[in-house]
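Before any comments, here is the structure.
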Amino acid sequence: MNFIHDDFLLHSEVARRLYHDYAANQPIVDYHSHLPSADIAADRQFQNLFEIWLEGDHYKWRAMRANGIPERYCTGDAPPYEKFLAWARTVPYTLRNPLYQWTHLELKRYFGIDELLDERNARPVWDRANSRLEAADLERAAGRWLAPVVVEKAAANLDSGVGDHGAVAVDDLAAQGHAGLHFDGQR
């Protein structure tokens, strides 16, 4: 059985019934996104997995720092693949942290990747995810293929500052974007 499966985190028959019969087909309301609303509104074409997945995720940066990864690979000047490789090295050490589940849920849901990420399979995961981002038949921009899954109704992102960022509308998607605030100064 894959780590991420249809009954992931559903440990009882009641949980499975409630989720599959009532919640599974409901729209997702994501009140916390690390994709800037400007990127969603502009239909940004992400060039690689780093840009869409690590570029603005301070939770991943914190885990990497705690794992002894130099800042150059978190927010510094290292090339995108090297930053991703540093994250892949960190993932196994997040096993009892929600980052471990989030990482694998995101790989499965958005990129169709069922493997547990670590430095040994970082290159094929990177290549497969980037292929999905580049696929001509997959509408790859955040506003067209990621946003309907992540921000179907409303979203708050972690843009700097406070205030209403207005409607984020791309094609048939209409979501309201609002700024979030972190008191530690992180995005």
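The values are calculated or read from the model by the stated rules, or taken from the named source; none is laboratory data. Please read these numbers as outputs of a predicted model, since none were measured by experiment. Here the Cβ positions follow ideal geometry from the backbone for every residue, glycine too, while neighbour counts run over all protein chains shown.
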message: Filter the range 95-121 down to the residues that are in a helix (DSSP H, G or I) and within 21 Å of GLU51 (Cβ to Cβ) and list them by number.
response: LEU99, TRP102, THR103, HIS104, LEU105, GLU106, LEU107, LYS108, ARG109, TYR110, PHE111
Qualifying positions in the range 96-110 - within 21 Å of PRO124 (Cα to Cα) and either surrounded by fewer than 15 Cβ atoms within 10 Å (Cβ to Cβ) or touching a Gly at 6+ places or on another chain (Cβ under 8 Å) (or both): TRP102, ARG109
- prompt: Can you pull out the residues in the range 112-122 that are touching a helix residue (DSSP H, G or I) at 6+ places or on another chain (Cβ under 8 Å) and without any contact (Cβ under 8 Å) to a residue 60 or more places away in the chain?
  reply: GLY112, ILE113, GLU115, LEU117, ASP118, GLU119, ASN121, ALA122
- request: State all residues of the range 114-143 that are under 15 Å from the mean Cα position of the chain (by Cα) and modelled with pLDDT under 50; if no residue qualifies, say none.
  value: ARG140, ALA141, ALA142, GLY143
